[in-house]
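Remarks on the structure that follows.
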Amino acid sequence: MLDERDATGPGRGRPPGFPDAAPPIRAAGGVVWRPADDPGPVGGPAAGSTGAAPRGGVLVCLVHRPRYGDWSLPKGKLEPGEHPLRAAVREVAEETDVRAVPQVRLPTVRYRSEGRPKVVDYWSMRAVAAGGFQPGTEVDDVRWLGVDEAVRLVSYPHDAEVLAAFAALPTVTGTVALVRHAHAGKRATWSGPDTGRPLDARGWAQAHALAPLVALLRPVRLLSASARRCVQTLDPAAALLDLPIEIDGDLDEPRPGQQPDECALAAAARLAALAATGEPVGVCSQGKVIPGALARLSGRPGDFTTPKGGGWLLAFAGDRLLAVDRL
């Protein structure tokens, strides 16, 4: 952990005195929450659920760091090559002994720490399981507080701003990890039907890299478009989660004579219906489907182009797409 006492707050660009050549310290963390009526950190009937709770009836988690004598949101530095979302979930678990499921990206914080720029990505996270917290040299106390009380206790203005952004969110009722199939070579080099084209070596590497990110949502179902490359993209996640892969034609690219808008509409409706169940799901679709489906769900134009092996974390409030975060 690095000192935050010279923090300059989020959204202000490069603070004065940052050396141009100094690489930023990258870190990630979360606003971890649970329903206020849980009897323990995550115990009771809500344990294991990733569903909703009234925004006014939640508690959030703060940690105390004896080295600095401060109260802050749980976070920590990325390991080499680590994805920020994976680091955020890992650091929350290491500092609080709470297992949490990410839902919505919160403001990224930029400040100065020990003379270097530091960038911290945050997500809201639903606490779903916990061990027994043991005080240590990095974190010696954990508190679950209402948001207003947490805002008053945190030692840094940027933590208060992240908490305020969390408090302003509508209640998240569903999450979806939506990915595009990984690399499968070129159509011209495949002699069989296009639906049978398999992943190549690069694609399998991408699929294995995606699997732990999809698993962070703790999905209860995995659904794929019918193309072989889509199913194979979810294979490593299915093995990691011990889940079957369900084939869903509503996620397919247009068939001959079918209009792209028809596919986008069908995929958007399917994603909304999956989110409405209140259970997290993982979905693999195709490049001619995802941008149109996300544009329809968001109700706005945007760059939803998705590279092969890329994807999105979708958060829903009811049938409304609340947030779209690139994976």
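The values are calculated or read from the model by the stated rules, or taken from the named source; none is laboratory data. Every value quoted in this text rests on a predicted model; they were computed, and no experiment measured them. All Cβ positions, even for glycine, are placed from backbone atoms using ideal geometry, and neighbour counts span all protein chains on display. Heavy atoms of the whole protein, side chains included, go into the accessibility calculation; ligands, DNA and RNA do not. Shrake-Rupley method; radii C 1.70, N 1.55, O 1.52, S 1.80 Å.
Would a scan of the stretch 153-167 turn up a residue that is without any contact (Cβ under 8 Å) to a residue 24 or more places away in the chain and closer than 23 Å to Leu85 by Cα? Yes - at least one qualifying residue is present in the stretch 153-167. Looking across the stretch 112-123, not a single residue is closer than 17 Å to Asp70 by Cβ, within 26 Å of the chain's Cα centre (by Cα) and among the acidic types (Asp, Glu). Beta carbons closer than 6 Å, at least 6 apart along the sequence or on distinct chains, pair a first residue in the stretch 72-91 that is part of a loop (DSSP other than H, G, I, E, B) with a second that is β-branched (Val, Ile, Thr) for Pro74/Val63; Pro74/Val92; Pro74/Thr96. Restricted to the stretch 224-327, the set of strands (runs of 3 or more DSSP E) holding at least 1 residues that are among the acidic types (Asp, Glu), within 20 Å of the chain's Cα centre (by Cα) and surrounded by fewer than 21 Cβ atoms within 10 Å (Cβ to Cβ) comprises 320-326.
Listed conditions (1) free of Cβ contacts under 8 Å to residues at least 40 places away in the same chain; (2) among the charged types (D, E, K, R); (3) closer than 26 Å to Gly196 by Cβ are all met by Arg221, apart from (1).
Would you be able to say whether some residue in the stretch 66-89 is open to solvent by less than 10 Å² (accessible area, probe 1.4 Å) and modelled with pLDDT under 95? Yes; the residues of the stretch 66-89 include at least one that is open to solvent by less than 10 Å² (accessible area, probe 1.4 Å) and modelled with pLDDT under 95. When Ala160, Ala182, Ala207, Ala211 are screened for being of a type in the set (A, V, I, L, M, F, W, C), open to solvent by 10 Å² or more (accessible area, probe 1.4 Å) and either in a helix (DSSP H, G or I) or modelled with pLDDT of 95 or more (or both), only Ala160 passes. Would you confirm whether or not the stretch 97-120 contains a residue that is open to solvent by 40 Å² or more (accessible area, probe 1.4 Å), polar (S, T, N, Q) and at pLDDT below 95? Looking for residues that are open to solvent by 40 Å² or more (accessible area, probe 1.4 Å), polar (S, T, N, Q) and at pLDDT below 95, one finds none in the stretch 97-120, hence no.
Scanning the stretch 186-204 for residues that are touching a residue at least 12 places away in the same chain (Cβ under 8 Å) and part of a helix (DSSP H, G or I) yields a count of 6. Restricting attention to the stretch 248-263, does a residue exist that is of a type outside the set (Lys, Arg), modelled with pLDDT under 95 and under 21 Å from Leu327 (Cα atoms)? No: the stretch 248-263 contains no residue that is of a type outside the set (Lys, Arg), modelled with pLDDT under 95 and under 21 Å from Leu327 (Cα atoms). Residues that are assigned to a helix (DSSP H, G or I) and touching a residue at least 40 places away in the same chain (Cβ under 8 Å) within the stretch 120-152 comprise Val147, Ala150, listed in sequence order. The test for being of a type outside the set (A, V, I, L, M, F, W, C) and either open to solvent by 30 Å² or more (accessible area, probe 1.4 Å) or at pLDDT below 50 (or both) does not hold for Pro35. Of the residues making up the stretch 124-148, those that are open to solvent by 20 Å² or more (accessible area, probe 1.4 Å), in contact with a strand residue (DSSP E or B) (Cβ under 9 Å, 6 or more places away or on another chain) and either under 12 Å from His64 (Cα atoms) or not aliphatic (A, V, I, L, M) (or both) are Gly131, Phe133, Pro135, Glu138, Asp140, Asp141, Val142, Arg143, Trp144, Gly146.
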